[in-house]
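Quick notes on the structure that follows.
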Amino acid sequence: MSRFWTDKIASLDPYVPGEQPQDKKYIKLNTNESPYSPSPKALEAMALEVSERLRLYPDPNCVTLKNALAKSYQLEANQVFVGNGSDEVLALAFMGYFAGGKPLAFADITYSFYKVYAGLYSIEPKLIPLNESFDIVPADYNNLDVSGVVITNPNAPTGKALPLVDIETILKANPDVVVLVDEAYVDFGAQSAVSLINQYPNLLVVQTLSKSRALAGIRVGYALGHPDLIEGLERLKNSFNSYPIDRVALAGATAAVLDEAYLKEICDKTIATREQSVKDLEALGFSIIPSATNFVFATHPDKDAEQIYLALKERGILVRFFGSNKARIGNYLRITIGTDDEMASLTAALKTL
Ligand SMILES: *Cc1c(COP(=O)(O)O)cnc(C)c1O
């Protein structure tokens, strides 16, 4: 607290990222990073950029990256916006499309940053509860008097995917507001809403290179949607920071997006490891929500999640525990899918507990 703080600063409730402790080397299964290296082509492009071009500003319009994304998703470049991580894209979308005075609809259990952005822009959250089995119920999104809707698909931290027909139902029920679909994990097994973009001018799909493309370290995310929605985001971005994507990130992201074979290779590996991990965890008595992501959401009927989290940490394995005070998910752990070896270490450690 400082006497120089405005009431706004004092009122904020900032996001708390998963811990990144530096005291020793952990097996990190707590922040949904990829256990694999990024595309070798991305590494090469970034090394070249570092050695030759850092004295120059990056391209403020990120044309090469937008072209690569447009090609990859069969869209036009003016249907693509890029930002410094999808978190920045979300922040701009909330500021631009949801701060109009009415509440913003999103699930009661979802990415916890949405509440933080809502607080930052004085948007009232309208929380729509997931049902008993942690599913989004599309009918609950009818007749809302809201500034917009955010759907995370697959959802986090549950890992559950929503079929495309249900996304379409929600889009049809909310034609006069932006429906933002956060697809941070879509490459691990859910249906993307990108195919609906040319039909629904109110659809904004947000994705990231941080999870499936193993590039959390360079901070690149993007939004795909109608050119008018994209232009709105560009106006906001250019009123705040012309160069949120640096040269190294631009070069690496462009090469990574074009290397679709590598994306498929590492996603397939993660999916295979996930299926094995589900079996191993179930054999230890855990109950696992069906996951379409690179993590599983797990609970044990007669073990305390916090105790497991602490005991694993002591053994050098980090998983995400959100707090026992969290309604409905207080006894759950979110476990990122690592390599086969890392997951075997996890299973071995859990056995000794
Ligand atoms: C990880 C994550 C993000 C943020 O990703 P960055 O691109 O690294 O900022 C956004 N949404 C969800 C649901 C996520 O899990």
Alpha carbon centre of the stretch 16-33 versus the stretch 295-353: separation in Å? 13 Å
Could you give each residue of the stretch 187-194 its phi-based ³J(HN,Hα) in whole Hz, using Karplus coefficients 6.51, -1.76, 1.60 with θ = phi - 60°, and x for Gly or Pro? 5, 8, x, 10, 8, 7, 8, 4
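Less than 15 Å Cβ to Cβ from residue 169, Lys/Arg counted +1 and Asp/Glu -1: what total charge do the surrounding residues give?
Around residue 169, the charge tally is -3.
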Exactly which chymotrypsin sites (Phe, Trp or Tyr not before Pro) in the stretch 221-318 are in a DSSP loop and have at most 14 other Cβ atoms within 10 Å? 240
Simple spin-label estimate for residue 164/residue 347, 7 Å along Cα→Cβ, in nm, reads 3.4 nm
By the Kirkwood definition, with r running over pairs of different Cα atoms, the stretch 169-305 has a hydrodynamic radius in Å of 17.5 Å
With Cα springs under 10 Å, the Gaussian network model of the chain assigns the largest mean-square fluctuation among 305, 283, 105 to 283
How long is the gain from residue 122 to residue 172 if the chain were fully straight, where each residue apart is worth 0.36 nm and the alpha carbon distance is subtracted? 15.3 nm
Give the relative contact order (percent, whole number) for the chain; include only Cα pairs under 8 Å separated by 6+ residues. 24 percent
Of the listed pairs 237/326; 66/269; 115/160, which have alpha-carbon separations greater than 24 Å here? 237/326; 66/269
Semi-axis lengths, Å, the stretch 96-150, gyration tensor of Cα atoms, sqrt of 5 times eigenvalues: 20, 14, 7
Which ³J(HN,Hα) values, rounded to whole Hz and listed in residue order, are derived for the stretch 315-330 from phi using the Karplus coefficients 6.51, -1.76 and 1.60 in 6.51 cos²θ - 1.76 cosθ + 1.60 with θ = phi - 60°, glycine and proline given as x? 8, x, 10, 9, 10, 9, 10, 8, x, 5, 7, 6, 4, 6, 10, x
Comparing 292, 118, 184 in a Gaussian network model of the chain (Cα, 10 Å), the one with the largest mean-square fluctuation is 118
Kindly put 62, 267 in sequence by how many other C-beta atoms sit within 10 Å of each C-beta, fewest to most. 267, 62
Peptide ranges 82-88, 71-77 listed from the most packed, as the mean C-beta count within 10 angstrom indicates: 82-88, 71-77
Over the chain, the sum of -39500 (n - 2.57) across DSSP H runs of at least four, divided by residue number and rounded to 500 deg cm²/dmol, gives at 222 nm -11000 deg cm²/dmol
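Using Cβ counts within 10 Å as a stand-in for footprinting exposure, how do 335, 9 rank, fewest first? Can you show the working numbers first?
On the way: 335 29, 9 10.
Fewest-to-most Cβ neighbours within 10 Å comes out as 9, 335.
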Can you give me the distance in nm between label points at residue 261 and residue 198, each placed 7 Å from the Cα along the Cα-to-Cβ direction? 2.8 nm
So which residue, out of 173, 139, 42, gets the largest mean-square fluctuation from a GNM of the chain using Cα contacts under 10 Å as springs? 139
FRET efficiency for residue 240 and residue 7, Cβ-Cβ distance as r, R0 = 25 Å, nearest 0.05? 0.70
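Which value does Rg/Rh take for the stretch 40-259 over its C-alpha atoms, Rh per Kirkwood?
Ratio of gyration radius to Kirkwood radius for the stretch 40-259: 0.97.
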Report the calculated FRET efficiency for residue 133 and residue 54 (r = Cβ-Cβ distance, R0 = 41 Å), to the nearest 0.05. 0.20
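Read-outs: derived from the displayed coordinates by stated rules, not from any lab. It should be emphasised that the depicted structure is a prediction, and the values quoted were computed from it without experimental measurement. Neighbour counts run over all protein chains shown; Cβ positions are idealised from the backbone, glycine included.
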